[in-house]
Amino acid sequence: MGKPNDPKYQKKVIRAAFNLLEAKSGPILEDFPDVIPVKHGRMGYALPVDLVTKVSEIGDVDQLLEEVEAEVSSLRSAYVSAKAFRGRTTVGASEMPIKELPNFIAAFVKGQKPNSPRKGVTAIPQLKLVVEDLNAYYTEARMYEDNIDDFEILGKWFWEESKAGKLILALEAVSLESEDKVLRQIVEMSLITPRFWSEGPLPGTSASGW
């Protein structure tokens, strides 16, 4: 909906969309006339093709989990402030407490399949929502704390530098070797890691998400 943290500009985009309802015939598809302003870079992020974690490189999952939990705790103040400032949050799709998100992901990395805490949502669909919530938590906290509106910078920080990104890349590696067809499929379709717009399919996948 336009530039992050800019309600005035976002309303401009929404009004332009509503103006399409005044067209005398349809359907209608029209480009927004402005280039969305960002300080530097792009409005999106894709993992570098060569940034692939191998199962043999994962190491001690419990130690990694502790590091992620510490990271989550360190971001709490910024996240709370960000939520109060915006009056909303995109975190919550999984309906799980934020502090429980890393452990749910880590269980899959260990080869387990934890029970979903939600009625009517099985473990793997819940996993996707958990990953989305953890990513959103980090992103909203960092956007507020450092006043960043560049999703390429945010993506690089989360996926290439944070411990949470490292945990999810480990999840990707384990999932690709899993006997669970659904788990493999959501990874190959870039529903866990942002590889859809990379220059080629992830090595070892069927490229079904391309």
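The values are calculated or read from the model by the stated rules, or taken from the named source; none is laboratory data. Remember, predicted model here, so these are calculated numbers, not experimental data. Here the Cβ positions follow ideal geometry from the backbone for every residue, glycine too, while neighbour counts run over all protein chains shown.
How many residues, within segment 44-71, are over 21 Å from Ala141 (Cβ atoms) and part of a helix (DSSP H, G or I)?
Result for segment 44-71: 6.
When the residues of segment 103-154 are filtered to those that are polar (S, T, N, Q) and part of a helix (DSSP H, G or I), which remaining residue is surrounded by the fewest Cβ atoms within 10 Å (Cβ to Cβ)?
So, considering only residues that are polar (S, T, N, Q) and part of a helix (DSSP H, G or I), the one surrounded by the fewest Cβ atoms within 10 Å (Cβ to Cβ) is Asn103.
Inspect segment 82-105 for any residue being closer than 15 Å to Thr193 by Cβ and out of contact with any strand residue (DSSP E or B) (no Cβ under 6 Å at 6 or more places or on another chain) and give the result as yes or no.
Yes - at least one qualifying residue is present in segment 82-105.
Modelled with pLDDT under 95 and among the polar types (S, T, N, Q): does that describe Thr89?
Numbers: modelled with pLDDT under 95: no; among the polar types (S, T, N, Q): yes.
No; evaluated as a whole, the condition is false for this residue.
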